[in-house]
1. If I take all pairs of Cα atoms in the range 8-70, what percentage of them are more than 15 Å from each other?
2. In the range 1-93, which chymotrypsin sites (Phe, Trp or Tyr not before Pro) fall in coil by DSSP and have 14 or fewer other Cβ atoms within 10 Å?
3. With a 1.4 Å probe and every protein chain kept in, tell me what percent of the accessible surface of the chain is carbon plus sulfur.
4. To the nearest 0.05, how large is the calculated FRET efficiency for E162 and I76 if R₀ is 22 Å and r is the Cβ-Cβ distance?
5. Residues with amide H under 5 Å of L120's amide H, sequence separation 5 or more or different chain, H placed in the peptide plane at 1.01 Å from N; which?
6. For S75, what residues show an amide H to amide H distance below 5 Å, using hydrogens built from the backbone and excluding near sequence neighbours?
7. Pull out the extension gain between D143 and N26, defined as 0.36 nm times the separation in residues minus the alpha carbon to alpha carbon distance; nm, one decimal.
8. To test your reading of the geometry: what angle, between 0 and 90 degrees and rounded to tens, separates the Cα axis of helix 97-108 from the longest principal axis of the chain?
Amino acid sequence: MISGLDVKANEKQFIMLKEYMDSIKNTQGILMQTLHKAQEIFGYLPIEVQKFISCELDIPLSEVYGVATFYTQFSIEPKGKHKIGVCLGTACYVKGSQQVLDKLSKELDIKVGETTANGLFTLESTRCLGCCGLAPVMMIDGDVYGKLEPKKIPDILSKYEE
Ligand code: FES
């Protein structure tokens, strides 16, 4: 698991976030807007960023953390270079997407929601991706893979490992 953010090396990003916060001062829903912006800037919401937001907005860190962990659009862990989303919608589930997910988990040695130690892959489950005819389906970044079988997984992953 990767953790910790080098605050000094990311000084510019903190300044950008501060400028954004100043620009939306006194507006409603400032915490949500700020978290969205922070996620856009940093790619995730590490504790250092949560503390910064807590101080700047004078909101308890527990509240910032609570919101950051409640909504699925936010992540407090860094995401991998490649995001894998396995559909667990009904059509895909019936056709074996759980086995595909299990195979990915085994090959990558991570659980759903985690990122590989080398920062290459993040494994996630998703709702229906809208291409049930191809079930079971997964997406890696913008690429759709359908009619999956667990045995196809190693070959597919190898395309992204270079
Ligand atoms: S249920 Fe998987 S794409 Fe629709």
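1. 42 percent
2. Listed in order of number, the matching sites are Y71.
3. The computed percentage sits at 53.
4. That pair, E162 with I76, gives E of 0.15.
5. Residues meeting the criterion, in which the H sits 1.01 Å from N, are K81.
6. Here the answer is L45, since their amide H atoms fall under 5 Å of that of S75.
7. This chain segment gains 38.0 nm when fully extended.
8. Tilt relative to the chain: about 70 degrees.
The values are calculated or read from the model by the stated rules, or taken from the named source; none is laboratory data. Since the structure is predicted, the reported quantities are computational estimates derived from the model, not experimental observations. As a convention, Cβ positions derive from the backbone with ideal geometry for all residues, glycine included, and neighbour counts pool all protein chains shown. All accessible areas refer to the heavy atoms of the entire protein, side chains included, with ligands and DNA or RNA removed. Shrake-Rupley method; radii C 1.70, N 1.55, O 1.52, S 1.80 Å.
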